[in-house]
1. So if I place +1 on the C-beta of Lys and Arg and -1 on the C-beta of Asp and Glu, and nothing else carries charge, what would the dipole magnitude of segment 244-366 be about its Cα centre? I want it in debye, nearest 20.
2. For segment 1-106, which trypsin sites (Lys or Arg not before Pro) are in a loop by DSSP, counting at most 12 other Cβ atoms within 10 Å?
3. Specify which residue in the list Ala10, Pro41, Val54 is farthest towards the positive end of the charge dipole of segment 1-55, using unit charges on the beta carbon of Lys, Arg (+1) and Asp, Glu (-1), about the Cα centre.
4. Taking amide hydrogens as modeled 1.01 Å from N in the peptide plane, which residues meet the under 5 Å criterion relative to Lys338, leaving out close sequence neighbours?
5. What is the distance, in nm, between label points placed 7 Å from the Cα along the Cα-to-Cβ direction at Lys25 and at Glu185?
6. Using C-alpha positions alone, give me the convex hull volume of segment 221-366 per residue in cubic angstrom.
7. Can you pull the percent of Cα pairs in the chain with separation above 33 Å?
8. Identify the trypsin sites (Lys or Arg not before Pro) of segment 162-265 meeting these criteria: DSSP loop state and at most 14 other C-beta atoms within 10 Å of the C-beta.
Amino acid sequence: MDDIIGERKADHIEVCLKENVQSRKVTTGFEDVNLVHRALPEIEREEVDISTTVFGYKFYAPIFVGAMTGGTAKATKINAAIAEAVEELNIGMGVGSQRIAIDNPKVEHSFSIVREKAPTAFIIANIGGPQLVSKYGVKEAKKAVEMVQANALAIHLNSLQEAVQPEGDTNYSGLLPKIGELTQELDVPVIVKETGAGISSEDAKLLATTDVAGIDVAGAGGTSWAAVEYYRAKARQDGFSQRLGETFWDWGIPTAASIVEAVQSVNVPVIASGGIRNGIDVTKALALGASLASATYPFLQPATKSSEDVKKALQHLVGEVRNAMFLVGADSIKELQKVPVVLTGKTAEWLKLRGFPPEVYARRKA
Ligand SMILES: Cc1cc2nc3c(=O)[nH]c(=O)nc-3n(C[C@H](O)[C@H](O)[C@H](O)COP(=O)(O)O)c2cc1C
């Protein structure tokens, strides 16, 4: 079993490195999110405060590297490179699903190396929703947290991926109470995250009936797990799964719409992810009300090279956030969350049809 999971994890990394696994037809919707340029920002760019405190941790910038990997030799290298970079920059990262190491302690080091390399960064442990339904409980969740001395635990929801792979865990019944139980029993904040298909207002509200500390929308428009499974199926000549992957390639709630759905429905911090590719995307996500943004795929290639490469990629993002905040005249994240935003195109249409009021898609300065 461990070998199978290890192989699958290695496959995911290889497929993501070699093939185009990004959404094809669906876009994040950030192209519909318009920030209003200020010719008179009346602030000095270098004095813009991009730091923010979320989950009791002060992030140097409102970003972190999303959950990606663990369990294999290559994953150890990737995790170490990301950890070194986030430690230097004083931000955070998620590790990939820890199922493989919970079941086989021999591979724990591929995860625990993250805390070795990043003694003070914000580290997010990771377990899967379907495993909570089938076999895991408080004990395994605590083990995952301990393994990386995590600041928070993410429970990932990946119904799309499970539904398009033949070995998928498609039993999601009774997950919500399990999530609720973990929020009561764990000493760290519990974040629930999607993996590229987004979170609706309905699901955000359900999650908020528990004590979840944050919701990471991971919407559609970036990495597509149906695409990853398409390539895996193609390699093993499994025509049925290949077709499933192709059909569901662009499934999901686009990220920009999902951010608004969650932000407008719950009072817990919302994390924006799924296709975040530059600092303007981050800035738009925060203007829509997200507390933090994260990206995963953009750091995979750099992380196979060196921590220096990851650091450079992060610094680009940080510099762009600072620039965009300057150009909308926001000298802090709090101010950014109040700047005017105009939503157009399919995102505005979506939000109107979903019943959100005009001040949501055409916000004047709050
Ligand atoms: C290679 C790879 C492996 C991933 N593994 C996990 C995982 O183990 N657990 C998880 O919660 N998300 C995992 N994700 C999903 C990401 O955390 C993220 O939600 C998704 O990729 C969308 O963000 P992006 O468009 O910036 O890549 C993985 C993503 C990639 C690219």
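1. With Lys and Arg at +1 and Asp and Glu at -1, about 340 debye.
2. Passing both the DSSP loop test and the Cβ count: Arg24, Lys25.
3. The listed residue farthest towards the positive side: Ala10.
4. Residues meeting the amide H criterion: none.
5. Result: 4.3 nm between the two label points.
6. In segment 221-366, the Cα hull volume divided by residue count equals 128 Å³.
7. 24
8. Taking segment 162-265 and a limit of 14 other Cβ atoms within 10 Å, the loop trypsin sites (Lys or Arg not before Pro) found are Arg236.
Bear in mind these aren't lab numbers, they're just calculated from the coordinates by the rules spelled out. All values reported here derive from a predicted model rather than from experimental measurement. FYI the Cβ positions are ideal-geometry reconstructions off the backbone, even for glycines, and counts take in every protein chain you see.
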